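Heads up: the structure comes next, in structure tokens.
What follows is calculated from the coordinates using simple rules that are stated; it is not laboratory data. These numbers come from a predicted model, not from an experiment. Every residue, glycine among them, receives a Cβ derived from its backbone with ideal geometry; neighbour counts consider all protein chains shown.
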Amino acid sequence: MPSSVNERVERRRQALRAAGLRPIQIWVPDNRRPGFADECRRQALLAAQSDAADAELTDILDTALAELAEPEE
């Protein structure tokens with residue numbers, strides 16, 4: 001007789017626990033919510049403006065980009 005879904009799920013969870021894992025629950029932003037994309041754009045613009053105003057960060061990024069562009073020996 002086939003096992004129920006609950007029994008299979010419980011066996012799977014026990015196997016994962018035996019492997020040293022534990023279950024967790026996380027909450028993430030709901031990207032289907034009205035206004036989500038607008039809020040993403042707003043925050044991205046703020047981050048871009050902040051980065052553009054930081055000369056030291058620009059120097060670091062330019063140096064890193066130049067190092068990536070150098071041919072390997």
- Task: Give me the number: length gained by fully extending ASP51 to LEU16, i.e. 0.36 nm times residue separation minus the C-alpha to C-alpha distance, one decimal in nm.
- Result: 8.3 nm
- Item | Of LEU46, LEU16, LEU61, the one that fluctuates the most in a GNM where the chain has Cα springs shorter than 10 Å | LEU16
- Note on the structure: Applying the gyration tensor rule to the Cα atoms of the chain (axes a ≥ b ≥ c; rounded if a/c under 1.5, else prolate if a/b exceeds b/c, else oblate), the class is oblate
- Each label sits 7 Å from Cα toward the beta-carbon; between GLU7 and ASP30 the label points are separated, in nm, by 3.7 nm
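To the nearest 500 deg cm²/dmol, what mean residue ellipticity at 222 nm is calculated for the chain from DSSP H runs of n ≥ 4 alone, each contributing -39,500 (n - 2.57), summed and divided by the residues? Please list the in-between numbers first.
Values: 3 runs with 46 residues, N = 73.
Calculated at 222 nm, the ellipticity per residue is -20500 deg cm²/dmol.
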- Go ahead and set up a Gaussian network model of the chain, Cα springs under 10 Å, then flag whichever of ALA55, ALA19, ALA37 fluctuates most. ALA19
